Amino acid sequence: MQISLIIACKNESGVVDKLLSSLLDQTRPADQIIVVNSHSSDDTVARAQAFADRLPLQTIDALKR
């Protein structure tokens, strides 16, 4: 069984690094983590991407409608 996490966020630079840090401590690591950025105006994406070397992380941007 594979575990995939989807994290939707907008302007969560103060939270996303804490969330991703906690994922490093899990007994069963996720097989895939997708951070969906909803047009953040802060450094949410950069903070998330800082974990790409330690987690199976992918960041994508939400579509504008």
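The values are calculated or read from the model by the stated rules, or taken from the named source; none is laboratory data. Note that the structure is predicted; figures quoted are calculated from it, not measured. In this analysis, Cβ positions are derived from the backbone assuming ideal geometry, glycine residues included, and neighbour counts consider all displayed protein chains. Ligands, DNA and RNA are excluded from the accessible area calculation, which covers all protein heavy atoms including side chains. Shrake-Rupley method; radii C 1.70, N 1.55, O 1.52, S 1.80 Å.
Label zone of Arg28 (point 7 Å out along Cα→Cβ, amide N under 20 Å): in segment 1-16 this covers 1-7.
What number comes out for accessible area per residue over the chain if the probe is 1.4 Å? Units Å², please. Present the calculation step by step, with values, prior to reporting the outcome.
Numbers: 4500 Å² over 65 residues.
With all protein chains present, the chain gives 69 Å² per residue.
Ranking Asp43, Asp25 by solvent-accessible area of protein heavy atoms (1.4 Å probe, all protein chains present), from largest to smallest, gives Asp25, Asp43. Heavy-atom surface analysis with a 1.4 Å probe gives the chain a carbon and sulfur content of 51 percent of its accessible area. Each peptide in 51-57, 34-40 was scored by the mean count of other Cβ atoms within 10 Å over its residues; highest first, the order is 34-40, 51-57. Under the combined filter of DSSP loop state and at most 12 neighbouring Cβ atoms within 10 Å, segment 5-49 retains none of its trypsin sites (Lys or Arg not before Pro).
As a check on your grasp of the helix formula, calculate [θ] at 222 nm for the chain: sum -39500 (n - 2.57) over DSSP H runs of n ≥ 4, divide by the residue count, round to the nearest 500. Mind showing how you got there, number by number?
Numbers: 2 runs with 18 residues, N = 65.
Helix contribution divided over all residues of the chain: -8000 deg cm²/dmol.
From the coordinates of this entry, Cα Rg over 2.2 N^0.38 Å is computed, and it appears in (i) 1.08; (ii) 1.34; (iii) 1.27 under the label (i).
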